[in-house]
Amino acid sequence: MDRLVIPAVFDMHQHLRQGADAVYFLKWVDRVCDVALVMPNTVVGHGLEGPITTAERLNQYRTLLERAVPDRKAHLVWTLYLTEETTPEMIRAAAAAGATGYKIYPRGETTNSDQGIREAVLRDLRHPFWRAIEEIQNVGGVVNHHGEIPGADVYDAERKYCSVIDAVCREYPKLRQVVEHVTTADMVQNIREWREEDRPIAGTITAHHLCLTLNDVVGQTHNFCKPVAKGTKDRDALISAATGWSDGFFFGSDAAPHHRTKKVSNEFQPACAGCWTTPVMVQLVAQVFDKLNCLDRLPRFLRTNAKTFYNIQGEPSRTLTLERKPWWNTYRSGYVPFWFDKLLDWRVAELDEIPNFHTGPNRPTMEV
Ligand code: NCD
Ligand code: ZN
């Protein structure tokens, strides 16, 4: 098969950031997506006082992003950042303001997670924080886990989080949960088992984790993200989950842009974690499915499974035409896209034109 038409994509994990940058990232998303689940780990500035921890901030953020690209086709779905102080009343207010997802960031584990939940609280289901989780179950929301235990060895952090989810599954059997950016064979297996026990749980998988192993991350900052890519067996488990027939796995890019000056470590700063995959994510996933000869299942992973799990209504706003045609991604701005200057086998015909929305600090540049 050399040509394939698929419906616009559901990306169930996007970091759109804020300010002028958000306009840029959202325009990229809008080129291929019908739906994007917007992550809440924003920072102080550009009209926001920090992460999206309250209904009020959610409303502010929505207004900022909706004004940013008023003519977009992509429908944005909203998340709330849970803190140890989040109350059931705050959950009800956020649900009324339009929150669908409620994100657990284990404290200190990733970018802007300082206000997240400590391990001791994640393991103590009698802590008042869990009343908020019970309320998420009551309002029919989804808990989105960044599933890593802070301070654990990098290759063990996700596996150790399985016991947290296991306890939540037993305590709140009707709670809908998504394990974000799954990276291990253990977590894939656990999700399958929880689903066999009828728990309403699913996992998102990124484009980059389908392509990388830890070997590709060492020494290559643009492949560095949280959770870090694991071993070959883990990557193969992700590929079989994404390309298989289970409804329990769908696409969430975790596209997490950081300015190129923040992606380098030096004597004053560590490199920020995050891969900005949006410009190449559909093409990369197509490449993986093509290798296994199952391009016909691409719409399940890139759209339908998420649509069903999140119960999002609506017909595709448009289609994307994938063509087998080698190209090198050389879009260039202050943000270096994932897979920069590397060969891709597939391209999206509708994206042939280099977008003309490079403005301000994101202008294309020739500097190296
Ligand atoms: C994300 C970011 O930069 O906001 N980084 C990442 O490495 N994935 C945060 C996250 O989702 O962990
Ligand atoms: Zn993320």
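The values are calculated or read from the model by the stated rules, or taken from the named source; none is laboratory data. Computed from a predicted structure; not experimentally measured. In this analysis, Cβ positions are derived from the backbone assuming ideal geometry, glycine residues included, and neighbour counts consider all displayed protein chains.
Inspect region 45-59 for any residue being within 17 Å of the chain's Cα centre (by Cα), free of Cβ contacts under 8 Å to residues at least 40 places away in the same chain and not in a strand (DSSP E or B) and give the result as yes or no. Checked against the condition, which is being within 17 Å of the chain's Cα centre (by Cα), free of Cβ contacts under 8 Å to residues at least 40 places away in the same chain and not in a strand (DSSP E or B), region 45-59 yields at least one hit. When G147 is tested against the conditions (1) closer than 25 Å to E196 by Cβ; (2) in a loop (DSSP other than H, G, I, E, B); (3) more than 16 Å from ligand 2 (Cβ to nearest atom), the lone failure is (3). You will find that of F10, F25, the residue that is in a helix (DSSP H, G or I) and closer than 18 Å to T206 by Cβ is F25 and no other. If you go through region 257-270 one residue at a time, do you hit one that is of a type in the set (G, A, S) and modelled with pLDDT of 95 or more? No, there is no match, as no residue in region 257-270 is of a type in the set (G, A, S) and modelled with pLDDT of 95 or more.
Taking first residues from region 168-180 that are closer than 20 Å to L37 by Cβ and partners that are part of a loop (DSSP other than H, G, I, E, B) and within 16 Å of ligand 1 (Cβ to nearest atom), the Cβ contacts under 6 Å between residues at least 6 apart in sequence or on separate chains come to V179/G147; E180/H146.
When region 205-235 is filtered for residues that are basic (K, R) and more than 13 Å from ligand 1 (Cβ to nearest atom), the ones remaining, listed by number, are K230, K233, R235.
In the set (1) within 16 Å of ligand 2 (Cβ to nearest atom); (2) assigned to a loop (DSSP other than H, G, I, E, B), the condition left unmet by V77 is number (2). Filtering region 205-230 to residues that are touching a residue at least 40 places away in the same chain (Cβ under 8 Å) and part of a loop (DSSP other than H, G, I, E, B) leaves T206, F224, C225, K226, P227, V228, A229, K230.
Restricting attention to region 60-74, the residues that are in contact (Cβ under 8 Å) with a residue 12 or more places away in the chain and not in a helix (DSSP H, G or I) add up to 4. With respect to being within 16 Å of ligand 2 (Cβ to nearest atom), basic (K, R), surrounded by fewer than 23 Cβ atoms within 10 Å (Cβ to Cβ) and touching a residue at least 40 places away in the same chain (Cβ under 8 Å), K263 fits the description.
Total residues in region 165-204 satisfying the condition of being in a loop (DSSP other than H, G, I, E, B) and within 16 Å of ligand 1 (Cβ to nearest atom): the figure is 5.
Only residues that are touching a strand residue (DSSP E or B) at 6+ places or on another chain (Cβ under 7 Å), among the polar types (S, T, N, Q) and under 22 Å from A271 (Cβ atoms) were counted in region 174-230, giving 1. Total residues in region 225-240 satisfying the condition of being of a type in the set (A, V, I, L, M, F, W, C) and buried (at least 23 other Cβ atoms within 10 Å of the Cβ): the figure is 3.
Report, by residue number, each residue of region 309-323 that is out of contact with any helix residue (DSSP H, G or I) (no Cβ under 7 Å at 6 or more places or on another chain) and within 15 Å of A8 (Cα to Cα).
I312, Q313, G314, E315, P316, S317, R318, T319
Go through (1) within 16 Å of ligand 2 (Cβ to nearest atom); (2) not in a helix (DSSP H, G or I) and name the single condition V154 misses. Result: V154 passes all but (1). The set of residues in region 32-57 being surrounded by fewer than 20 Cβ atoms within 10 Å (Cβ to Cβ) and farther than 22 Å from I91 by Cβ consists of V43, V44, G45, H46, G47.
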